[in-house]
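Have a look at the structure below before the remarks.
The values are calculated or read from the model by the stated rules, or taken from the named source; none is laboratory data. Since we're looking at a predicted model, the values are computed, not measured. Note: ideal-geometry Cβ built from the backbone for every residue, glycine included; neighbour counts use all protein chains shown.
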Amino acid sequence: MARKRILILGGGYVGLYTALALRRRADRKTRIILVDRRAYMTYQPFLPETAAGSIEPRHAVVPLRRELAGVRVIQGKITEINSADKRVHVTSDVGDDKSIEYDELVLALGSVSRTLPIPGLKEFGIGFKYVEEAINLRNRVLGRLARAASTDDAELRRRLLTFVFVGGGFAGVEAFGETEDMARAALRDFPDLSPADLRFVMVEMLDGILPEMGEGMGEYALEELRSRGMEVYLGTKLVSCVDGRIELSDGQKFEADTLVWTAGVKPSPVLAGSDLPLGPKGHVNTLPTLQVADEDGKVLDGVWAAGDCAQIPDLTKEQPAWCAPTAQHAVRQARLLGDNLARSIDGKPLREYKHKNLGMVASLGLNEGVANIMGVKLRGWPAWFAHRTYHMSQIPTFNRKARVVLDWTTAVFFRRDLVSMGRLHEPRRAFEEAADS
């Protein structure tokens, strides 16, 4: 029997775990190609700790080529998906245009930041979905501290030390709490600055933060953040941020030098230009078996999807209900997708995805967190410990688990290495200055 040509679009949770499952279940029956702009999978729950200097950036990512031996990994941008012809067009990072045929297609495209047409946001805002953005935020915060300590201009100092975060979901709250904790710890190296000089502001359009955590947990997180002097404005929107001049819907106006946007995600925009059946919010319409189907339930031949880009029924709830775009669902969906694909190749019946959420954990900074695990609510240090334990168990490969644990263990005996490397983003600047002189 000829080997099936499996094409996986995306190298995140779904792409990596699907490839691993296929390699284990149907290695001799398949040829696997994976396409992604990046040659690594980012474990996003560790981005806040990466930004805070608690985890080495390289340890929060999983290199695809190393972990997927035997899988062809192509770095490139997906420009067209044509399921009718079973063909995908890709532009590689070196400019080559490829047309890749497939027998089975796995859509693991994930999501991108959901932005709004707010004046100045595109030019001034910083995202928080990838490891390079976490590194940039860390360098930016530490760099602003260094600049503020070097100026006698009180107005400029206030601007440099004002950090605005938009969005009160998991990513926003964790980045908010971890970054403030890092900045406060870094002050010991800046005797000219005090905690009162720092201003951390969160803007959330809803009436609470962390609504997914359940009653009481969001309120506790809000109280904890505010007790540290951090400002959280609920029921408030960002109106403008042109050149760092922040305007909020409650009438506040002030200047800031850093704005981090974590206000939700949307499915990969490449889906909108495809011939795939999409839901009302741009997700691929998907059955519980993780097969892509139209509104009438007719299955598209050889197309599968999971994760943030897919609209998958949540069979643990009264229908219609959809699985939330969380890492917990994505990892489990990917494992089932790989298993179902192998079953389909062998002519065996498919299984449906059904998983009840085990709970949620969130970090608010070193030794602080909130958690709701199977109905058991934890706060403070126990929740923070549960957060670290859970995510250590979930990050792929023993190699990465060991490196993350080593980072944490080292931090017990040594202070965080809080050194700004802002020039990292301008590697030729010193050489150009030397050439000019």
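If you check VAL270, VAL203 for being modelled with pLDDT of 95 or more and touching a Leu at 6+ places or on another chain (Cβ under 9 Å), only one passes: VAL203.
For ASP93, the criteria (1) in contact with a Ser or Thr (Cβ under 8 Å, 6 or more places away or on another chain); (2) in contact (Cβ under 8 Å) with a residue 24 or more places away in the chain; (3) surrounded by fewer than 23 Cβ atoms within 10 Å (Cβ to Cβ) hold in every case but one, which is (1). For region 118-145, the tally of residues that are under 28 Å from SER54 (Cβ atoms), part of a helix (DSSP H, G or I) and not hydrophobic (A, V, I, L, M, F, W, C) stands at 8. Taking the numbered list (1) of a type outside the set (S, T, N, Q); (2) buried (at least 18 other Cβ atoms within 10 Å of the Cβ); (3) free of Cβ contacts under 8 Å to residues at least 60 places away in the same chain; (4) over 18 Å from SER113 (Cα atoms) in turn, HIS283 passes all entries but (4). All of VAL270, VAL239 fail the test of being part of a strand (DSSP E or B) and of a type in the set (A, V, I, L, M), apart from VAL239.
ARG28 passes every criterion in (1) out of contact with any helix residue (DSSP H, G or I) (no Cβ under 9 Å at 6 or more places or on another chain); (2) at pLDDT 90 or above; (3) assigned to a helix (DSSP H, G or I); (4) charged (D, E, K, R) apart from (2). Of the numbered criteria (1) crowded, with 20+ Cβ neighbours inside 10 Å; (2) touching a residue at least 60 places away in the same chain (Cβ under 8 Å); (3) farther than 30 Å from LEU366 by Cα, the one TYR13 fails is (3). If you go through region 91-117 and keep only what is within 24 Å of the chain's Cα centre (by Cα), under 21 Å from LEU278 (Cα atoms) and in a strand (DSSP E or B), you end up with LEU105, VAL106, LEU107, SER111, VAL112, SER113. On the stretch given as region 332-370, residues that are crowded, with 19+ Cβ neighbours inside 10 Å and within 30 Å of ALA411 (Cβ to Cβ) total 10. Name the pairs whose Cβ atoms lie under 9 Å apart, with the first residue in region 248-259 and farther than 19 Å from LEU198 by Cα, the second surrounded by fewer than 14 Cβ atoms within 10 Å (Cβ to Cβ) and not aromatic (Phe, Trp, Tyr), and 6 or more positions between them or separate chains? Pairs that qualify, where the first residue is farther than 19 Å from LEU198 by Cα and the partner is surrounded by fewer than 14 Cβ atoms within 10 Å (Cβ to Cβ) and not aromatic (Phe, Trp, Tyr), are SER249/GLY235; ASP250/GLY235. Counting just the residues of region 262-280 that are aliphatic (A, V, I, L, M) and without any contact (Cβ under 8 Å) to a residue 40 or more places away in the chain, which one comes out farthest from ALA321 (Cα to Cα)? Going through the qualifying residues, I end up with ALA272.
A single member of ASP243, ASP296, ASP257, ASP250 is farther than 25 Å from ALA342 by Cβ and modelled with pLDDT under 90, and it is ASP296. Looking across region 59-90, the residues that are in a helix (DSSP H, G or I) and either within 13 Å of ILE8 (Cα to Cα) or free of Cβ contacts under 8 Å to residues at least 40 places away in the same chain (or both) come down to LEU64, ARG65, ARG66.
Of all residues assigned to region 329-349, at least one qualifies as being touching a Gly at 6+ places or on another chain (Cβ under 6 Å) and at pLDDT below 90. Of all the listed residues (GLY251, GLY218, GLY264), the sole one being surrounded by fewer than 19 Cβ atoms within 10 Å (Cβ to Cβ) and in contact with a strand residue (DSSP E or B) (Cβ under 9 Å, 6 or more places away or on another chain) is GLY264. Once region 290-316 is narrowed to residues that are of a type in the set (A, V, I, L, M) and buried (at least 19 other Cβ atoms within 10 Å of the Cβ), the residue that is farthest from HIS355 (Cα to Cα) is LEU300. Inside region 187-215, residues that are at negative phi, in contact (Cβ under 8 Å) with a residue 40 or more places away in the chain and crowded, with 22+ Cβ neighbours inside 10 Å make up a count of 3.
Here the condition is being modelled with pLDDT of 90 or more, in the same structural domain as GLU368 (by TED's automatic domain parsing), over 30 Å from VAL239 (Cβ atoms) and in contact with a strand residue (DSSP E or B) (Cβ under 7 Å, 6 or more places away or on another chain); of VAL131, VAL88, VAL106, it holds for VAL131 alone.
Looking only at region 196-229, how many residues end up being in a helix (DSSP H, G or I), farther than 17 Å from ALA383 by Cα and among the charged types (D, E, K, R)? Matching residues across region 196-229 total 2.
Has region 69-76 got any residue that is buried (at least 16 other Cβ atoms within 10 Å of the Cβ), within 28 Å of ILE135 (Cα to Cα), at pLDDT 90 or above and not hydrophobic (A, V, I, L, M, F, W, C)?
The answer is yes; a qualifying residue exists.
Of the residues in region 347-404, how many are in a helix (DSSP H, G or I) and not aromatic (Phe, Trp, Tyr)? Counting residues in region 347-404 that are in a helix (DSSP H, G or I) and not aromatic (Phe, Trp, Tyr) gives 17. Residue-level analysis places TYR43 among those that are among the aromatic types (Phe, Trp, Tyr) and under 28 Å from SER393 (Cα atoms).
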